[in-house]
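Handing you a structure now.
The values are calculated or read from the model by the stated rules, or taken from the named source; none is laboratory data. If you're wondering where the values come from, they're calculated on a predicted model, not measured in any experiment. For neighbour counting, all protein chains shown are included, and Cβ atoms are generated from backbone atoms with ideal geometry for every residue, glycine included.
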Amino acid sequence: MKSNPLASLASLVTLILIPASGALGNWGPDQRLTSDGSSSLTSWNGAWCVAAADSAVHVVWYDFRDGQWEIYYKRSLDNGASWEADRHLTSGSIQSTFPAVAARDSLVHVVWAEFDGRWGISYRRSADRGATWEDAVRLAVSAGSGTTYYPSVAAEGSCVHVVWQDSGPGNDEIYYLGSLDNGSTWSGRRLTVTDDPSKVPSVAASSTFVHVVWQEWPSSACEEIHYLRSTDLGLTWVPEETLAAGESPATNPSVAADGSVVHVVWSDARETAGGIYWRGSGDDGATWKMSASSHRGRGLLGAVPPWRFPPLMWTLSGSTDATAMLRPTTPDRRTAG
Ligand SMILES: [Ca+2]
């Protein structure tokens with residue numbers, strides 16, 4: 001059941017974006033965003049590779065066109081109708097992988113994993129909607145001689161939240177860094193302390209709430225989806241909760257938040273072909289009323305986990321009841337190529 005994520009890299013050889021500008025449930029045609037002849041990949045966890053603020057859309061991926069993995073970026077200033085040229089955010093002799101992006105007003109935040117003799121998480125910021133970028137800074141290095149993979153970033157107000165996994169402590173654990181000043185200064189903590197692998201985290205933020213999901217793999221069970229939240233901008237964290245656990249692997253979770261509504265989706269192998277499953281909360285993650293099995297979106301996304309579909313695939317009705325707020329749109333299958 002345990003799979004090597006690198007073994008599946010070939011499944012995403014070309015990055016293609018489904019534009020978010022279309023009406024919910026009314027998708028425009030696929031747009032091909034890269035055509036450089038080399039592999040262009042989005043990150044493996046549920047981190048966002050696309051972010052939108054006002055009419056700007058920002059996309060990040062990692063690309064092998066330079067003979068090694070570098071972080072690339074491109075943007076649209078007209079809601080995805082047209083796109084500027086590819087731009088690299090990293091260069092040099094260091095392998096840079098697994099990027100994620102968040103945008104808030106004119107600020108764009110990009111994080112990625114990097115190895116310069118020691119694994120760490122790096123960060124670049126743009127204050128002008130991606131036109132120019134400040135120099136990269138290293139936010140964190142491995143707590144040991146381990147690997148730091150799969151960062152995820154969220155921005156809300158002047159706050160920026162970053163999570164990633166680090167095998168430095170001896171097995172993979174989830175770490176967090178938060179900034180209250182748009183990414184200028186950071187502080188954080190380790191979020192998990194378990195003997196089992198804690199992997200592929202995803203973070204979302206709304207108001208003062210910070211939501212983190214990840215994949216936990218107890219030695220005596222299949223992979224599970226675990227959840228942790230902060231109600232005070234990442235300063236303190238409540239005890240974690242298990243959102244999915246059963247006889248089949250639940251992997252690669254992704255979280256999104258809008259107002260007090262929180263969505264979590266993940267890949268689940270309970271069916272032979274696998275599927276994408278969902279749980280929602282209508283009260284900032286305090287309670288999770290939906291069972292995964294009764295609200296599954298079977299086949300919506302196939303076996304490709306990185307797509308962040310809740311804001312696109314589900315209609316928000318404005319009701320305060322989470323059940324009524326989530327209405328599946330036409331269950332088109334969306335693929336990555
Ligand atoms: Ca662990």
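Give the number of residues within segment 198-208 that are within 14 Å of the chain's Cα centre (by Cα) and either part of a loop (DSSP other than H, G, I, E, B) or among the acidic types (Asp, Glu) (or both).
0
Determine which single condition Glu240 fails, assuming it passes every other condition in (1) in contact with a Leu (Cβ under 6 Å, 6 or more places away or on another chain); (2) buried (at least 20 other Cβ atoms within 10 Å of the Cβ); (3) not aliphatic (A, V, I, L, M).
Looking at each condition in turn, Glu240 falls short on (2).
Given the options Ala47, Ala56, Ala103, Ala113, name the one that is buried (at least 19 other Cβ atoms within 10 Å of the Cβ), at pLDDT below 95 and under 20 Å from the mean Cα position of the chain (by Cα).
Ala47
Suppose the filter is closer than 18 Å to Trp214 by Cβ and outside the structural domain of Val59 (by the TED database); does Val111 pass it?
No; evaluated as a whole, the condition is false for this residue.
While we're looking at this one, here's another question. Could you list, in sequence order, all residues of segment 198-216 that are crowded, with 17+ Cβ neighbours inside 10 Å, of a type in the set (Val, Ile, Thr) and away from the ligand (no atom under 16 Å from the Cβ)?
Val203, Val210
Still on this structure, please answer the following. Answer yes if at least one residue in segment 217-230 is within 26 Å of Arg125 (Cα to Cα), surrounded by 15 or more Cβ atoms within 10 Å (Cβ to Cβ) and within 11 Å of the ligand (Cβ to nearest atom), and no otherwise.
Looking for residues that are within 26 Å of Arg125 (Cα to Cα), surrounded by 15 or more Cβ atoms within 10 Å (Cβ to Cβ) and within 11 Å of the ligand (Cβ to nearest atom), one finds none in segment 217-230, hence no.
Restricting attention to strands (runs of 3 or more DSSP E) lying wholly within segment 101-197, give those where 3 or more residues are within 16 Å of the ligand (Cβ to nearest atom).
Per the criteria, 148-156, 159-166, 173-179.
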